[in-house]
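Below: the structure, in structure tokens.
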Amino acid sequence: MTTTPPIADPSPPQKRSYLQKLWAPIVLLVGLVAGEDISLAANAQQGPQYGGGPFGHFHPFPTSPLFEYHVILTTVEVALLISLVVVYSRMYIETKANFALGLVVVLGALLIQTLVSYPVTESAIGPVTLPGPGYSTFAADVVTICAYTVFLYLSLE
């Protein structure tokens, strides 16, 4: 009785493509550029003509550099969350894994929370104040961005 040797998998393990390796830095760069544009546009909107519109009256933005950094960093967070939602939505569509669907729901909730607390969105609700101690500090934004970037990088492997 002869046994046949096991058939080796003919396909070698796939390496990440060059573009996949660049996805996280590209998202960071897009977030930084968009954040800078939004920050500059927010500063350009100062003056008496700034009010009304489809969302009601907007309160003036603080002109502090800390506020500008907060807008830029929050925009980077939004860009990273959108990319993570896209990655895990595609994964769910391909695999129908409940875990991927759960991640889409959690990441979607984080995205909604970030958009609601976005400094530009807050101006429609009331006067915008500089971030103080707590969740909206510079350090919290940086730590959140680092966590989302690592999560995105690991998700693309």
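Please treat every number below as a calculation from the coordinates, not as lab data. Everything numeric in this text was worked out from a predicted model, so none of it was measured. All Cβ positions, glycine included, derive from the backbone under ideal geometry; neighbour counts span all protein chains shown.
Here are a few things to note about the model shown:
- The protection proxy used here, the mean number of other Cβ atoms lying within 10 Å of each residue, ranks peptides 141-154, 86-99 as follows, highest first: 141-154, 86-99.
- Shown is the FRET efficiency for S117 and L32, computed with R0 = 22 Å from the Cβ-Cβ distance and rounded to the nearest 0.05: 0.70.
- The order of S155, S39, going from fewest to most other C-beta atoms within 10 Å of their C-beta, is S155, S39.
- What the phi angles of segment 68-78 give under the Karplus curve with 6.51, -1.76 and 1.60, with θ = phi - 60°, is a coupling list of 4, 4, 5, 4, 5, 5, 5, 5, 4, 4, 4 Hz, glycine and proline written as x.
- The stretch between Q20 and F138 holds 39.6 nm of extra length on full extension. This uses 0.36 nm per residue minus the Cα-Cα distance.
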